[in-house]
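Inspection log for the structure reproduced underneath, given as structure tokens.
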Amino acid sequence: MFPVIPSMATSQMKSEQNYHHCGFSTCRIIFLAMGLYTFDVSNNQLFGDIPSSMENMSLLALDLSNNTLFGGIPRWMGKMSGLEVLLMANNHFEGPIPVEFCKLNYSLKFLDLSANNISGSLPSFFSFSRLTHVYLSRNKLKGPITSFINSID
């Protein structure tokens, strides 16, 4: 099996990596991160943590859904200021939704974190000025819903 995303994937990198240990005769993953707007690796058999080397990717859409990713949702994802669509459903992410996600208030339109092991309270720090779709079902969220609902403009 191969790692979720090789740690050398950065916005400055244009390279080709060959993976001969991934169960196929040749697995080629080509990273052309400059000019990349959508990164969709959904519905695969990717596993592990999301590497911090993705922090500097300038994406509009990131789809990591339907894999076997785990760990906490990285705080650095709040720095992805142009991100409009974030799909991370059907994985094994755990812990709270990072407060750093409030930095995405001016760009994020669509958020799907459903079917994980996310815990804590519903986020009250979202501004719904741009956010039009929020999917948080099938997690372990708890607490009052009033602060979340009151944040809806």
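Summing +1 for each Lys or Arg and -1 for each Asp or Glu among the other residues whose beta-carbon sits under 15 angstrom from that of ARG75 gives -2. Using the 1.4 Å probe convention, the accessible area of the stretch 35-152 works out to 49 Å² per residue with neighbouring protein chains retained. From the square roots a ≥ b ≥ c of the eigenvalues of the alpha-carbon gyration tensor of the stretch 35-152, which class results: rounded (a/c under 1.5), prolate (a/b over b/c), or oblate? Judged from the Cα gyration tensor, the stretch 35-152 comes out oblate (a/c at least 1.5, b/c at or above a/b). For the stretch 35-152, the carbon plus sulfur part of the accessible surface works out to 53%, probe radius 1.4 Å.
The values are calculated or read from the model by the stated rules, or taken from the named source; none is laboratory data. Every value quoted in this text rests on a predicted model; they were computed, and no experiment measured them. Neighbour counts are summed over all protein chains in view; Cβ atoms, including those assigned to glycine, are modelled from backbone coordinates with ideal geometry. Accessible surface areas use protein heavy atoms only, side chains included; no ligands, DNA or RNA. Shrake-Rupley method; radii C 1.70, N 1.55, O 1.52, S 1.80 Å.
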